[in-house]
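The values are calculated or read from the model by the stated rules, or taken from the named source; none is laboratory data. Predicted model, so just to flag it, every value in this text is computed and none were measured. Positions of Cβ are backbone-derived with ideal geometry, glycine not excepted, and every protein chain shown enters the neighbour counts. These accessible areas exclude ligands, DNA and RNA; they are computed on the full protein's heavy atoms, side chains included. Shrake-Rupley method; radii C 1.70, N 1.55, O 1.52, S 1.80 Å.
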Amino acid sequence: MPSRVNKTSPKKSYTIHASAGARLRAAMKAERPLQIVGVINAYAAILAANTGFRSLYLSGAGVANASYGVPDVGITTLADVLIDVRRIARASKLPLLVDADTGWDNPRKTVGQMTEAGAAGIHLEDQVEAKRCGHLAGKRLVSSKEMSQRIKAAVKGKTDPAFVIMARTDAVASEGLVAAIERARQYCEAGADMIFAEALTELEQYRKFVRAVKVPVLANITEFGKTPLFTVQELASAGVSMALYPLSAFRAMNAAALKVYRALRAEGTQKNILGEMQTRAELYEFLGYQAPKANPK
């Protein structure tokens, strides 16, 4: 095994024959808070699985930024996201949670197609269709009634009872904690299985969400945003069920790629940065690829 990577497999309390939704729920029972790590493509999913993670995440921003080279402002479609969902689900049996933005006008259809593509669950948000990153200013929200209708439609789209419908609320930044918690309660009444409390800034805020909604709560531990980089121990103390790292690896990959491009352009060779690259042997090992042996003469 490559020495630089911990390839310890996670302890599994489920089999790969269980539905994707059931595997996500089982993973949550095996680890608390469950670390859900973002992957932007199939190979990243393989790396994450071999590092011991029990669950994966596909970010809407990741699809927009990495697959289409556009900002995360509601440009990408359901069909765009499904392409990456299928590729990741084929590459890894770890349960995949998917960012479904606002449901693309048809949450029921979205849930059906996400299930068919291999996703374990989705989260829907309470922003208007022209959404913005949850850690940016200027977000506009729909009413709690309209968001509840999105959730009810999503629930009707379930073909797998274990498929996870998670409701994300961005209301804390604009409406305050009390209003956001009330929204979350209404979303649970509409059928949401879990709550994604976006852009919280204090552990006590998570504690209040957890006490109020009585369903699993996810903390988005994204870099360079409004939420401090709380540890899993700190989140556990607040009762948080899931810790999400949506684009951590993607950001590191981008920085590494840019460094390589600059070195190649400035120096005319990659000799001085070979030590920072994954070797061909490591790539092949993670892919389970065996080079064909040369025919004996």
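Worth pointing out:
- The range 220-246, subset of a type in the set (Ser, Thr, Tyr) and under 17 Å from Ala48 (Cβ atoms), residue farthest from the chain's Cα centre (by Cα): Thr222
- Qualifying positions in the range 210-232 - over 20 Å from Leu58 (Cβ atoms) and of a type in the set (Gly, Ala, Ser): Ala212
- Flag if Arg262 is within 28 Å of Ala66 (Cβ to Cβ), of a type in the set (Lys, Arg), under 23 Å from the mean Cα position of the chain (by Cα) and open to solvent by 40 Å² or more (accessible area, probe 1.4 Å): no
- Scanning the range 48-79 for residues that are farther than 21 Å from Gly118 by Cβ and free of Cβ contacts under 8 Å to residues at least 24 places away in the same chain yields Gly69, Val70, Pro71, Ile75.
- Tally of residues being open to solvent by 20 Å² or more (accessible area, probe 1.4 Å) and either under 19 Å from Ala162 (Cβ atoms) or in contact with a Lys or Arg (Cβ under 9 Å, 6 or more places away or on another chain) (or both) across the range 102-117: 4
- Scanning the range 19-73 for residues that are open to solvent by less than 30 Å² (accessible area, probe 1.4 Å), over 19 Å from Ala252 (Cβ atoms) and part of a loop (DSSP other than H, G, I, E, B) turns up just one, Pro33.
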